[in-house]
Amino acid sequence: MSKEAFDEMSVLSAIYCEKGEFELLEESPERGIVYRIHTLTERDNEKTPLGLIFHISPNYPHTPPDISISSCHLSRKECHDLRQQLLDTARSLPPEPMIHGLMLWLQENFSDLIKTSSCHSAEVRAETTEGTWTALLHLDHMRSKAKYIKLIEKWASELCLTGRLFTGKPILILLQGTKENIKEYTHRQKTVKVDVDSSGKRCKEKMMSVLCEIPQLEETRMLSTFEVKDVLSLDDLKSEFDLVGLTELYDQFVPSLI
């Protein structure tokens, strides 16, 4: 990683210094740096919370960052549109540290950016609730963790699925999307060589279990992105389920796995 990337990260952690505002998620020579920034943006005198994840590659700033955006106050389409506008802006900038500039640009243009898709927001919210299912999968282990995670993220993106991959103990995959696409995901998980065995040879997933597949509940918050979370404790894991209104799902299925 370049010194510029680390210096910028240090500045950002100082700017977003309140509890929970800045979180370093990953740091490795191969994948680079991944961190999350929580911020509030203003629209029509209302504060909208946003969570932005920046993946800073080892070639940054010559390669723009990858970005994901989530918010419980916005639809999936609105988050997608914001992300695309932010990525387009990042690609147009010169090859120099740009994250703080992107955050300022987002704050200044947030209201106008949301208006471009607001005429469809009610329709989008209806589509994401109606016909949407939630699935919870359990994996016994990950030997080739980095490659396995990358494949899971790829499939979730291809199938327009949102959710969470919890890589602690237990390893859980929470998926939201159409029933058909969730079925396709579980089919791939069982039939494609996703990991390696004890001898290092590629192998299929033989110890995955589908804990549940249920229609989306009205009181459950629809997740707008698919995120990987390395949960360190069971309390943290339960909190993640609580945040999206799936406490009952946690209570019903997770304790028996511990």
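Extension gain, H73 to S10: 0.36 nm times the residue separation minus the Cα-Cα distance gives 19.8 nm.
Available extension along the chain between K169 and V192 is 5.9 nm, counting 0.36 nm per residue and deducting the alpha carbon span. For the peptides 174-180, 87-93, 210-216, the ranking by packing is 174-180, 210-216, 87-93, with the highest mean count of neighbouring Cβ atoms within 10 Å listed first. The residues K238, K145, when put in order of fewest to most other Cβ atoms within 10 Å, stand as K145, K238.
Taking neighbour counts of Cβ atoms within 10 Å as a proxy for exposure, in what order, fewest first, do S144, S68 appear?
Working: S144 16, S68 19.
Lowest to highest Cβ neighbour count: S144, S68.
Give the calculated FRET efficiency between H100 and K145 to the nearest 0.05, with a Förster radius of 41 Å applied to their Cβ-Cβ distance. My answer for the efficiency is 0.85. In plain terms, the residue of F110, F6 with the fewest other Cβ atoms within 10 Å comes first and the most crowded comes last, giving F6, F110. Amide H to amide H, with H built 1.01 Å from N, C203 comes under 5 Å of V194, D195, V196, D197, counting only residues 5 or more places away or on other chains.
Per-residue Karplus couplings for the stretch 237-243, computed as 6.51 cos²θ - 1.76 cosθ + 1.60 with θ equal to phi - 60°, are listed in order as 4, 5, 4, 5, 5, 4, 4 Hz, Gly and Pro entered as x.
FYI, it's all coordinate maths here, none of it is from the lab. The structure presented is a predicted model; accordingly, all values stated were derived computationally and were not measured. Positions of Cβ are backbone-derived with ideal geometry, glycine not excepted, and every protein chain shown enters the neighbour counts.
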